Each structure stands twice: as structure tokens, then as C-alpha cells.
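One structure is given below, encoded as C-alpha cells.
The values are calculated or read from the model by the stated rules, or taken from the named source; none is laboratory data. Just so we're clear, the structure is a prediction, and the values are computed from it rather than from any experiment. Cβ placement follows ideal geometry from the backbone for every residue including glycine, while neighbour counts extend to all protein chains displayed.
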Amino acid sequence: MTDTLTRRRSTEEIARSRPAWQRRLTSDRAARLTFYVVAFLFWIALAGLFERIPGPPSVVDSLVEEFRRGEVFGNFADTFYRFGIGVALSVGVGILVGVVIGLSPMARAFLESPVLVGLSIPAIMWAFLTVMWFGFGHTSPIVTTFLTAVPFVILNVAQGVQGVSRDLRDMSSSYGVPLGRRVRELVLPAVAGYVVAGLRFAVIMGWNGVLLAEWFGGSGGAGYRARFWYDANQFAGFAAWVVLFVGVIIILDQLLLERLSRRMFRWRDATH
Amino acid sequence: MAVLTVNDLCKTFGAGTARSNRVLDHISFDVRGQTFVSVVGPSGCGKSTLLNIISGVETHTSGDVSVTSDEGRPARLGYVFQDPRLLPWRTVRKNMLYVQDKDDDQARRRVSTYLDMVGLGQHGDFFPGQLSGGMQQRVGIARAFAVEPDLLIMDEPFSHLDAITARGLRAQLQDIWAQSRKTVVFVTHDVVEAVELSDRIIVLQPGGRIFEDIPIDLPRPRRQSDPAVATLQAEVLARLEKMKAITPQAATAV
Ligand SMILES: Nc1ncnc2c1ncn2[C@@H]1O[C@H](COP(=O)(O)OP(=O)(O)OP(=O)(O)O)[C@@H](O)[C@H]1O
Ligand SMILES: [Mg+2]
């Protein structure tokens, strides 16, 4: 008898050994779909058990009503305007400050504590503070979004910059490559993964921030509208807005960030 | 005129601490323009440290190091490392432009010229990960030549390659050098390689002193098969053996 210790299977053989239905059932897409189905069933069960949890039909009714009243697009337009500015600012400032902290030990010593302080202050505090400072209007949600998101971007980018290959940094300095080019061609591409991670944090934390600021700011927007239903004790209306918030985040994350990171890492795919 | 002047150079890592380690000990030498100088010596004798000090990547403890250019501008350096050290996210051509003073037509022309010279004229738009190790190392060599350096330093550029690839690249380096006549400081622990390439060999001993400074007066191009080359290689090897006998640390190091 001969023992084959390990036999490697070819991709063709693996494909042949599993029928198509099995492959489809174990695909990433099937797993994602399964989650949504399970979550939906769970919701129906909870709504059946507890009276204060609105079930899917009443939430869908409220959603349709909100669309019909024309509340959805106007409020979301306000929210996106604030969110967009806040996130763009936090990403721009976050990358800049993150790179500076990563490159200069002095900047690090100076800025490390304020970043930690920023990380530890929850979005709801910023929402209160900015409403006190700036009153009602666009400013307080924009500033809340910015302040909530920016420490996460800074932290991620700074971490990435510190990990940039020592060998490549030495190479650059032995050739006397100017700082600006070094940042553009060496540091930023090297930290691209961290920038995407930072951006992801910015989107999610910023979304939190903008909704909270609108909730307390009383100046329109999706967060404000959710509060309106909450105050009116209409849980179905409130839940309808929660569904919208969740949907927006999923779409932003999957569509935008996925595509962006695929573009940024094209060089990596080219080498496989 | 001397392009590189090293005068009474000392380097101590961790000076003033318990782990203080003197790596270079009162080193002095000059390298004249258009000469090819090799630095050989056992592992750990401070060869890479010397190059890093010359290139400004590492600071020295005392003494003087200066590189001069004859055109009244700051001297330009080319550095070929033991490994290719290319930006993985930039194409070969962009990698070479990265270290150029300016990204202008002249720079692009130089990049193309030297890519052709190392036989990679067709690979300018490849990413480093799409090339073999030997091809990447050739890009590193072309990159260094393409900055038209006043001083070109090379740290065991062939030591990570297989013998056949290394031999091909050595021949190529000789050709390119014959055409461009750059001033080169070349580190290796391969005496055979040093004799084949150099006008002069500086032998470092453990503890970082210069043991010997041997002129190599052979006509170029030199080929392995030439008996004069083989004779001199044997002679230099014999002198290194003598050094090992005198400095006991070296016996274990090579
Ligand atoms: N950054 C550092 N900190 C402390 N000691 C160092 C550092 N770099 C090198 N050394 C020490 O300096 C000595 C010389 O190292 P170096 O790399 O210059 O040797 P080398 O001659 O290039 O050896 P090899 O032929 O193996 O490359 C070694 O003993 C090493 O431990
Ligand atoms: Mg070395």
C-alpha cells in the first residue's frame, strides 16, 4: 500500500467535486442574504410578542406615508449636505494631521493627548455642546460630524504612517527625494489601507454625529424628523426612520467604500 | 580630484551606554573621480554602516565625510541596495522617476536609456511585483545610474541572486560602468567579484579598521577566464587569509 501524505487538489478538480447548487449556497452573497432574512424574521417575531414594537406592515405604512408627504427627500438632502461637509473636513484634516503625527515625533508628543481626548468624548456630548455654541442651523451638525469623526481618521492614518517601510524611507532619503513627493508617492500609498479604514470610521461615526446633532438641534434633517415621531409617541414612524438610517449606511459602505478600496489597491491585484 | 573624502571617521552605536559598540575606528581614505573602489571584509565589520554614513542615512560619531560635485551644486548620490527597494505601487518607470531631481523630458530620456541598458526597455510599465528578483535588482541598478550620480554606492547588489544571474549582471555592470565611468564605492564580501570589477580594493577588518588598500591594475574588460584575473584573485584571497590569522575575530566571521 502506498501512502500519499498530502495531495494538492487543482482548482478544476475542486470545481468538479462540488455541484453548482452547493457552491451557490455557500457563497458570500448567500451568507449576506441569509442574515437579512433571519433579521427580518426575528423582527416579525419580536413585533408579535411585544405590543410596543411595531411590526413590518405598520413601519412600511409609515414609510410610504412619509414619502407621500414629501418629508424624506427634503430632510435627507439637509442631512447629507451637513454630513458630506463634516466627513470631507474630517477626512482632509485627519489625513493631514495623521501624516504629520506619523512623521514628526514632536508633533506626536504635542497632539497625542488632544486626539485621545477627542476619541473619548461621545457624539452626544458634541451634539449638546455645538447646539449651545452655534444654535440651530447647519453649523452645529457639521461641527458635530467633524469632531466625532476626525480623531478616528487621525489615529488610523498616524498608525499607518509609523508602519511605512524603514527600507523605503532610507532609500528615499539617500536619494534626497523632497518631502512633498515622499508623502505623495511613498507615505500616502503605503497608508492607503489605513486611510480607507479611517474613512469608514469617518462615515459611520459622522453619521452618528449628524443624526444626534439634528435630534437635539431642531433645525430639520433626518435626525430631527425621527425625533418628531418619537416625541409624538408614534413608534412606527420612528422605526421607519431607523430603517432609513440603517439602509443609508449599508449603501454608503458597500457601494462607495468597497469600490474606492478596490480602485486604490489596483496595483496589488495587477501582481496576482 | 577626490569625489569622496573620508577622514578619521568613527562610528559607535549606542555611545555612552552599556551596549556601546564601536563599528568604524578611525577610517580615512579618498576616492578619486571615475574610479571603481570595492570595500571587502567579513560580515559585521561595518561595510553597510560606512555606506549609510556616506549616503546620509546614518549619522557618524566623529570625523569628516564629504562628497563633492565638480559643478558647484550639491553632490548627487546613487545607491544600489542589497534588495531592490522599489515602491510596489508604482510602475518601474515611475519608480525611477521618483528619485530624479525633476520629472522632465531629460529625466524621462535618462530613465529610458538606462532601462534599455539593463535589458528592461520593454518593462517600464510593469509593477515590481510582476518582475523576477533579478529583474527588480536590475531596476535598482538602472535607477541609481539614471540619476547621473557624482558618487554611486552599491551594497552587495548581487548577493541575493543565484550565481548565473549574478554573473550576467556583473558583466552588465562592467559594460555600463565602462560607458558612464561613474565614481563607484562597491561593497562585497566576494573577493572574486571585487577583483573583477575594481580599480582598487579596500579591506576592512573586524573592529572597523582598514587592513589594506590594494590597487588592481588590470586591463578592462576583465573576464573570469583571463589567467591574470585569476592570479590576482588568488593573491588577494591569500592576503585575506593572512588577515584572518592576525585578527582572531575574523576567523569565525567570514
Ligand atoms: N542600527 C544599529 N544599531 C546598533 N548596532 C548596529 C546597527 N546597525 C549595525 N549595527 C552593528 O554594526 C556592526 C556592523 O554592521 P554592518 O551592517 O555595517 O556590517 P556589514 O559589514 O555590512 O556586514 P554584512 O557583510 O553582514 O552585511 C554590526 O556589529 C551590527 O551589529
Ligand atoms: Mg551589510
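Worth pointing out:
- Subset of region B:162-213 (residues that are of a type in the set (F, W, Y) and more than 25 Å from B:T68 (Cα to Cα)): B:F211
- On the stretch given as region B:24-52, residues that are within 11 Å of ligand 2 (Cβ to nearest atom) and hydrophobic (A, V, I, L, M, F, W, C) total 4.
- Condition met for B:Q130 (within 16 Å of ligand 2 (Cβ to nearest atom) and within 14 Å of chain A (Cβ to nearest Cβ)): no
- Output for region B:11-37, where each listed residue is more than 13 Å from ligand 1 (Cβ to nearest atom) and either within 27 Å of B:K182 (Cα to Cα) or touching a residue at least 60 places away in the same chain (Cβ under 8 Å) (or both): B:H26, B:S28, B:F29, B:D30, B:V31, B:R32, B:G33, B:Q34, B:T35, B:F36, B:V37
- Region B:187-208: number of residues that are within 13 Å of ligand 1 (Cβ to nearest atom) and assigned to a strand (DSSP E or B): 6
- Checked against the criterion of being surrounded by fewer than 18 Cβ atoms within 10 Å (Cβ to Cβ), assigned to a loop (DSSP other than H, G, I, E, B), free of Cβ contacts under 8 Å to residues at least 12 places away in the same chain and within 14 Å of chain A (Cβ to nearest Cβ), region B:63-73 contains one or more residues that satisfy it.
- Some residue of region A:146-167 being within 14 Å of chain B (Cβ to nearest Cβ), touching a helix residue (DSSP H, G or I) at 6+ places or on another chain (Cβ under 7 Å) and buried (at least 16 other Cβ atoms within 10 Å of the Cβ): yes
- One residue from B:L50, B:L86 being in contact with a Pro (Cβ under 6 Å, 6 or more places away or on another chain) and either part of a loop (DSSP other than H, G, I, E, B) or in the same structural domain as B:T183 (by TED's automatic domain parsing) (or both): B:L86
- Pairing residues of region A:176-200 that are more than 8 Å from chain B (Cβ to nearest Cβ) and more than 15 Å from A:Q159 (Cα to Cα) with residues that are surrounded by fewer than 19 Cβ atoms within 10 Å (Cβ to Cβ) and of a type outside the set (D, E, K, R), at Cβ distances under 6 Å and at least 6 apart in sequence or on separate chains, gives A:R200/A:L257.
- Unmet requirement for B:Q137, which otherwise passes all of (1) farther than 18 Å from B:V37 by Cβ; (2) more than 14 Å from chain A (Cβ to nearest Cβ); (3) within 16 Å of ligand 2 (Cβ to nearest atom): (2)
- Some residue of region A:67-89 being hydroxyl-bearing (S, T, Y) and over 21 Å from the mean Cα position of the chain (by Cα): no
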